[in-house]
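S.K.: Got a structure for you, written out below as structure tokens; questions coming shortly.
The values are calculated or read from the model by the stated rules, or taken from the named source; none is laboratory data. Worth saying up front: this structure is predicted, and the values here are computed from it rather than measured. Don't worry about glycine lacking a Cβ; one is built from the backbone with ideal geometry, like all the others, and counts go over all protein chains shown. Accessible surface areas use protein heavy atoms only, side chains included; no ligands, DNA or RNA. Shrake-Rupley method; radii C 1.70, N 1.55, O 1.52, S 1.80 Å.
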Amino acid sequence: MYDTAAIVLAAGLSRRMGDVNKLLIEINGTPMIRATVSACAALCDAPVTVVTGHQADDIEQALAGLNARFVHNPDFATGQAGSVVAGLNAVPEARTTLVVLGDQPLLDRSALERLLELHRAGDQTRITIPVNGAERGNPLVIPLVLKPALLADKTNPGCRKFTRDNPDKVHRLETQDPGYFTDLDTLEDLKLFQAGRARHT
């Protein structure tokens with residue numbers, strides 16, 4: 001059994017980005033998805049499980065040479081829940097599994113390490129979710145003991161409904177770290193992100 005695994009969700013259509021696949025946008029000269037998977041690979045002893053869908057070949061090419069394995073979600077167009085399930089079914093057995101979005105440009109190794117450290121300092125039988133007041137962030141930290149429960153509901157499998165229906169199984173980690181809350185869904189998000197970085201360089 002591994003100690004730490006990660007599922008990176010990289011299947012989405014990026015509809016709100018127009019013709020651009022947001023995961024292939026370069027941040028500091030590196031495709032965003034490669035930076036995310038690299039950060040996960042740096043601290044996981046298991047190969048990173050990357051769930052692909054839209055433009056799967058391009059995503060795999062962007063991740064060439066990394067310690068990653070791929071699982072394709074043929075129903076990627078129906079939403080994120082199916083990709084979470086595909087990832088949970090494919091990820092190697094590990095004591096702790098991160099469920100990571102591919103479009104969080106400020107999420108780096110140190111942010112992942114802090115999240116894992118705080119998860120392990122608390123009740124490790126609960127799912128850890130970074131929150132800032134009412135805002136939920138990502139990644140989620142899934143303990144092995146709860147993995148079957150996330151797949152048990154065949155109508156609404158995955159993390160979202162389970163964590164909302166079972167607050168006693170959730171560790172709400174209060175934090176204001178923007179790495180857990182910054183994602184890029186639209187071209188406007190991208191412009192604002194780039195403008196913010198330009199002001200700080």
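S.K.: When the residues of the stretch 132-146 are narrowed to those that are farther than 29 Å from ASN21 by Cβ and modelled with pLDDT of 95 or more, which ends up surrounded by the most Cβ atoms within 10 Å (Cβ to Cβ)? Reasoning before the result, please.
M.R.: So in the stretch 132-146, the residues farther than 29 Å from ASN21 by Cβ come out as 133-134, 143-146.
Adding the requirement that they be modelled with pLDDT of 95 or more leaves 143-146.
On the way: PRO143: 20, LEU144: 16, VAL145: 12, LEU146: 18.
Checked the stretch 132-146; the qualifying residue surrounded by the most Cβ atoms within 10 Å (Cβ to Cβ) is PRO143.
S.K.: Limited to the stretch 88-142, what total is found for residues that are among the hydroxyl-bearing types (Ser, Thr, Tyr) and in contact with a Cys (Cβ under 7 Å, 6 or more places away or on another chain)?
M.R.: Count: 0.
S.K.: Identify, by number, the condition in (1) modelled with pLDDT of 95 or more; (2) at negative phi that ALA11 doesn't meet.
M.R.: Single failed check for ALA11: (1).
S.K.: Note down all Cβ pairs under 7 Å where the first residue falls in the stretch 103-125 and is of a type in the set (D, E, K, R), the second is not in a helix (DSSP H, G or I), and they're at least six residues apart or on different chains.
M.R.: Filtered contacts from the stretch 103-125: ASP103/ASP183; ASP103/LEU184; ASP123/HIS171.
S.K.: Please enumerate the residues belonging to the stretch 118-140 that are closer than 15 Å to ARG164 by Cα and β-branched (Val, Ile, Thr).
M.R.: ILE127, THR128, ILE129, VAL131
S.K.: Take the stretch 149-173 and flag every residue that is outside any helix (DSSP H, G or I), free of Cβ contacts under 8 Å to residues at least 12 places away in the same chain and among the charged types (D, E, K, R).
M.R.: ASP153, LYS154 - these are the residues of the stretch 149-173 that are outside any helix (DSSP H, G or I), free of Cβ contacts under 8 Å to residues at least 12 places away in the same chain and among the charged types (D, E, K, R).
S.K.: While we're here: Has the stretch 14-29 got any residue that is under 28 Å from GLN194 (Cβ atoms), surrounded by 19 or more Cβ atoms within 10 Å (Cβ to Cβ), under 13 Å from the mean Cα position of the chain (by Cα) and touching a residue at least 60 places away in the same chain (Cβ under 8 Å)?
M.R.: yes
S.K.: Quick check, is LEU115 in a helix (DSSP H, G or I) and closer than 21 Å to ASN166 by Cβ?
M.R.: Yes, satisfied.
S.K.: If ASP123 meets every condition in (1) modelled with pLDDT under 95; (2) open to solvent by 70 Å² or more (accessible area, probe 1.4 Å); (3) not in a helix (DSSP H, G or I) apart from one, which number is that one?
M.R.: Here ASP123 clears every test but (2).
S.K.: Oh, and also: State which residue pairs qualify: first residue under 22 Å from LEU13 (Cβ atoms) and inside the stretch 39-52, second residue charged (D, E, K, R) and open to solvent by 30 Å² or more (accessible area, probe 1.4 Å) in any location, beta carbons under 6 Å apart, and separation of 6 or more residues or different chains.
M.R.: If the second residue must be charged (D, E, K, R) and open to solvent by 30 Å² or more (accessible area, probe 1.4 Å), the pairs left are THR49/ARG69.
Matching residues to (1) open to solvent by 30 Å² or more (accessible area, probe 1.4 Å); (2) of a type in the set (A, V, I, L, M); (3) in contact with a Leu (Cβ under 7 Å, 6 or more places away or on another chain):
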position: ASP45; (1), (2), (3): yes, no, no
position: THR52; (1), (2), (3): no, no, no
position: ASP58; (1), (2), (3): yes, no, yes
position: ALA62; (1), (2), (3): no, yes, yes
position: LEU66; (1), (2), (3): yes, yes, no
position: ASN73; (1), (2), (3): no, no, no
position: ALA94; (1), (2), (3): no, yes, yes
position: ASP103; (1), (2), (3): no, no, yes
